[in-house]
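See structure below.
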Amino acid sequence: MKLINFKNHKNYIFNFTFENITINNIDISSLIKNKVTLQELKTAHIDKDWGCLEFNDGMVDIEPKTLYNFCFNY
């Protein structure tokens, strides 16, 4: 399930839109806090080919399947 859009609200709290559903206000700090600082959150973007959420010019990424599963098991 590809990620097609996201919005960062505050700190590590995001809204995500996947191909089939939108998920609001999910805290992803446990996935990335050790690798992405609060200041680096502004580097977030979507890899258009893979649908991954990437940070720091692709040095840190979350596969869409991992992110999707995390959102539902939060």
### Task
Scan segment 1-12 for residues that are surrounded by 15 or more Cβ atoms within 10 Å (Cβ to Cβ) and either in contact with a strand residue (DSSP E or B) (Cβ under 6 Å, 6 or more places away or on another chain) or farther than 13 Å from I62 by Cα (or both) and report the count.
4
#### Entry: Output for segment 35-56, where each listed residue is within 18 Å of N15 (Cα to Cα) and basic (K, R)
K42, K48
### Query
Quick one: in segment 20-44, which of the residues that are assigned to a loop (DSSP other than H, G, I, E, B) and either touching a residue at least 24 places away in the same chain (Cβ under 8 Å) or touching a Phe, Trp or Tyr at 6+ places or on another chain (Cβ under 7 Å) (or both) is farthest from N69 (Cα to Cα)?
L38
### Query
Is it the case that some residue within segment 53-66 is touching a residue at least 40 places away in the same chain (Cβ under 8 Å) and surrounded by fewer than 14 Cβ atoms within 10 Å (Cβ to Cβ)?
yes
#### Entry: Hits in segment 9-29 - residues which are β-branched (V, I, T) and more than 19 Å from F55 (Cα to Cα)
I21, T22, I23
#### Entry: Among (1) in contact (Cβ under 8 Å) with a residue 60 or more places away in the chain; (2) touching a strand residue (DSSP E or B) at 6+ places or on another chain (Cβ under 6 Å); (3) not in a loop (DSSP other than H, G, I, E, B), the one test that T17 misses
(1)
#### Entry: Single residue of segment 28-42 satisfying the filter (surrounded by 15 or more Cβ atoms within 10 Å (Cβ to Cβ) and over 15 Å from E63 (Cα atoms)) that is farthest from the chain's Cα centre (by Cα)
V36
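Coordinate-derived values only; no laboratory data. Model, not experiment: these values are computed from the prediction. Every residue, glycine as well, gets a Cβ built from its backbone with ideal geometry; the counts of neighbours run over all protein chains shown.
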